[in-house]
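Undergrad: Mind having a look at this structure? Questions to follow.
The values are calculated or read from the model by the stated rules, or taken from the named source; none is laboratory data. What you are looking at is a predicted structure, and each value in this text was computed from that prediction instead of being measured. Neighbour counts run over all protein chains shown; Cβ positions are idealised from the backbone, glycine included.
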Amino acid sequence: MTMDTAVLTEVVIIIVKVMIVAGVLFNLPIPLTWIERKVAGHIQSRLGPFRVGPHGILQPVADGIKMLLKEDIVPEKADKFLFKIAPLIALVPMFLIFVAMPFGESVNLPYVDKEITLYISDMNMGILYVLAVSGLSVYGLMLGGWASNSKYALLGGLRSAAQMISYEVSLTFAVIGVVMISGSLSLLDIVRSQYGGVFHWNVFYLPVGPVWFVIFVIAGMAEMNRIPFDLPEDEGTLGAGFHTEYSGMRFSFFAMAEYIAMTSIAALTTILFLGGWDDPFGTGILPGIFWLMGKVAVLIYFFMWIRFTIPRYRYDQLMNIGWKILIPVSMANILVTGFLKIWVP
Amino acid sequence: MGAMKKPFGIADLIKRIFFLDFLKGLSTTFRHNVSRSVTLRYPDEEKWVPYRRFRGRHTLNRDERGKELCVACELCVKACPTNCITVVPVEDKNGRGISDRVAAVWTVNLVRCLFCGYCEDACPTTAVRLGRDFELACSDKSCTFFTKEELLVPQRTPEYFKGGVIVKARLGRDKIKGVPVIVPYFEEQKPDWWLKAK
């Protein structure tokens, strides 16, 4: 049976796209750790890493070498199989999210004159897929906490499960709001519905857009386990939380998962609320993908900025914010959004 | 939410809805983010030069003709609370007929020294002074014990330099001399951002 050339080309293009996305994502934590430490330093009037390379830019490489050379400790009474597989369970779903993530419309490749699309797949229910897959990564945290056979790790894992349940609800509500505004479950169509400059973006769908945006960002920060919601790895009370017993590369897998989660939440926020690759002023100076990257970068800076501004919430405060504020507000907001969609043309 | 129930006005509500406290905090951290960092990049680029009153390593002075000021009276030895100075006096027959009392040995044990400055207070000829060298670390015992010849060498910070500022410096890497902090030139006093920084 011979394969059609066009089909073969499609397959090759998809494989190349997957490899590029995976390669970029795999290397993304390297600059992000450096940027995070620099932001931390400058917010605290320090310099941050400065010794390795110019302005400490090679510091993540040195850290990576250190992590690789460290002894890979598995606690004697740990569940060996789960302990070893948990970092991967935390990391892999973060890559899977980007299968459905669009980075732009299609571009025309020069020299070969081939039109390629800047997304791996345009699922017609992409947002559901993203939510489902991102929900899987919490199993890594829970299993890691459980398999470590340590009280701190177990408490961290339990907390991550509870936090996940509490905030996934309001995150999904915010997504429902966007779906109602845009009228599609496909991420590509959600972006297309926001074309035409900054006032067409979902965040400016007044009066509900900003509320959805705030709910989504807060719930997203809780999803990616960062300060002020990093209760699962609360070093003040839990040692290091779910990764107390992890060292070396397995630990850095958890760290990588956190950074890729941050990127994915930033990209999702951009796509759902900030118009994706849409040029805010319609100037058309830059290709769309640079606008997308710029917006993601600003959001990532924002997350880091918040991390070094706000202290960690107490556990009961976390639950209060999730159940008593975010969910009622989202429910009321869904009502308002529905009325707006029906009665406001 | 807490134990104390404060009256909850409309201003509080607006404050909460628009995250005003939160924005205040964010603006504070952003100001710090774009402000100059207070880190002193000490060995590589900058160095704090102390004031003249600073009490660092000892130095032995000479007079304007190059003669040693020390008359080996051993008052510094007597004043020293930790007995870290050793002076052995001899008669110097090379004078103008009158034999001078000079120090054959003048050593200081910097491990014991507590840099109190009693020796320079006791000294009648202002021969011994606590200078401004404070980078005394080394990887063997050689820097714990200074002899007269080493102490007679003028210290790296010149006497005319008022100090109390940060100057440009760099870290010298020398196999024999170790890693001294080299100040290439002592420039005039500049307004000092480091002291004003909060």
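Undergrad: Can you work out which of the residues in segment A:86-115 that are among the hydrophobic types (A, V, I, L, M, F, W, C) and under 20 Å from residue A:278 (Cβ atoms) is modelled with the lowest pLDDT?
TA: Result: A:107.
Undergrad: Of the residues B:31, B:41, B:55, which is closer than 30 Å to residue A:39 by Cα and surrounded by 13 or more Cβ atoms within 10 Å (Cβ to Cβ)?
TA: Every option except B:41 fails the conditions.
Undergrad: Going residue by residue through segment B:25-44, is there one that turns out to be at pLDDT below 90, assigned to a loop (DSSP other than H, G, I, E, B) and more than 14 Å from chain A (Cβ to nearest Cβ)?
TA: There is no residue in segment B:25-44 that is at pLDDT below 90, assigned to a loop (DSSP other than H, G, I, E, B) and more than 14 Å from chain A (Cβ to nearest Cβ).
Undergrad: Moving to a separate point now. Do any residues in segment B:133-157 that are touching a residue at least 40 places away in the same chain (Cβ under 8 Å) have Cβ atoms under 6 Å from those of residues that are among the hydroxyl-bearing types (Ser, Thr, Tyr), where the two are at least six apart or on different chains, and which pairs are they?
TA: If the second residue must be among the hydroxyl-bearing types (Ser, Thr, Tyr), the pairs left are B:147/B:107; B:151/B:59; B:155/B:59.
Undergrad: Next question. Could you check how many residues of segment A:85-120 are polar (S, T, N, Q) and buried (at least 16 other Cβ atoms within 10 Å of the Cβ)?
TA: Number satisfying all stated conditions: 1.
Undergrad: Go through (1) more than 30 Å from residue A:182 (Cα to Cα); (2) crowded, with 16+ Cβ neighbours inside 10 Å and name the single condition residue A:330 misses.
TA: (1)
Undergrad: Which numbered condition in (1) closer than 24 Å to residue B:51 by Cβ; (2) hydrophobic (A, V, I, L, M, F, W, C); (3) exposed (fewer than 15 other Cβ atoms within 10 Å of the Cβ); (4) modelled with pLDDT under 90 is the only one that residue B:143 fails?
TA: Of everything listed in (1) closer than 24 Å to residue B:51 by Cβ; (2) hydrophobic (A, V, I, L, M, F, W, C); (3) exposed (fewer than 15 other Cβ atoms within 10 Å of the Cβ); (4) modelled with pLDDT under 90, residue B:143 misses just condition (3).
Undergrad: Return the only residue of B:88, B:128 being modelled with pLDDT of 90 or more, in contact with a helix residue (DSSP H, G or I) (Cβ under 6 Å, 6 or more places away or on another chain) and β-branched (Val, Ile, Thr).
TA: Details: B:88 fails: in contact with a helix residue (DSSP H, G or I) (Cβ under 6 Å, 6 or more places away or on another chain).
Checking each option against the conditions leaves just B:128.
Undergrad: How many of the residues making up segment A:51-71 are assigned to a helix (DSSP H, G or I), among the small types (Gly, Ala, Ser) and closer than 16 Å to residue B:41 by Cβ?
TA: We begin by selecting, within segment A:51-71, every residue assigned to a helix (DSSP H, G or I); these are A:54-56, A:59-69.
Adding the requirement that they be among the small types (Gly, Ala, Ser) leaves A:56, A:62, A:64.
Still in the running and closer than 16 Å to residue B:41 by Cβ: A:56.
Within segment A:51-71, residues that are assigned to a helix (DSSP H, G or I), among the small types (Gly, Ala, Ser) and closer than 16 Å to residue B:41 by Cβ number 1.
Undergrad: What is the one condition in (1) at pLDDT 90 or above; (2) more than 14 Å from every other protein chain (Cβ to nearest Cβ); (3) over 23 Å from the mean Cα position of the chain (by Cα) that residue A:44 does not satisfy?
TA: It is condition (2) that residue A:44 fails.
Undergrad: Out of everything in segment A:237-250 that is part of a helix (DSSP H, G or I) and surrounded by fewer than 20 Cβ atoms within 10 Å (Cβ to Cβ), what residue ends up being farthest from the chain's Cα centre (by Cα)?
TA: A:248
Undergrad: While we're looking at this one, here's another question. Restricting attention to segment A:308-326, which residues are surrounded by 15 or more Cβ atoms within 10 Å (Cβ to Cβ) and within 10 Å of another protein chain (Cβ to nearest Cβ)?
TA: A:308, A:309, A:310, A:320
Undergrad: Would you check which residues across segment B:14-24 are at the interface with chain A (Cβ under 9 Å from one of its Cβ atoms) and either in contact (Cβ under 8 Å) with a residue 60 or more places away in the chain or outside any helix (DSSP H, G or I) (or both) and list them? Even if it seems obvious, please write down each step before you answer.
TA: Step one: list which residues in segment B:14-24 are at the interface with chain A (Cβ under 9 Å from one of its Cβ atoms), which gives B:19, B:22.
Selection gives B:19 alone.
Undergrad: Another question about this same structure. I'm told residue A:55 meets every condition in (1) modelled with pLDDT of 90 or more; (2) within 14 Å of chain B (Cβ to nearest Cβ) except one. Can you identify the failing condition by its number?
TA: All conditions are met except number (1).
Undergrad: Considering only segment A:283-300, state which residues are touching a residue at least 60 places away in the same chain (Cβ under 8 Å) and over 22 Å from the mean Cα position of the chain (by Cα).
TA: Across segment A:283-300, the qualifying residue is only A:287.
Undergrad: Then there is this: Which is in contact (Cβ under 8 Å) with a residue 60 or more places away in the chain and closer than 18 Å to residue A:216 by Cβ, of A:308, A:303?
TA: So the residue among A:308, A:303 that is in contact (Cβ under 8 Å) with a residue 60 or more places away in the chain and closer than 18 Å to residue A:216 by Cβ is A:303.
Undergrad: A follow-up question, please. Which ones in segment A:121-165 are at pLDDT below 90, surrounded by fewer than 22 Cβ atoms within 10 Å (Cβ to Cβ) and of a type in the set (Ser, Thr, Tyr)?
TA: Hits for segment A:121-165 are A:121, A:139, A:150, A:152.
Undergrad: While we're on this one: Taking segment B:98-127 on its own, how many of its residues are part of a strand (DSSP E or B) and within 15 Å of residue B:81 (Cβ to Cβ)?
TA: 2
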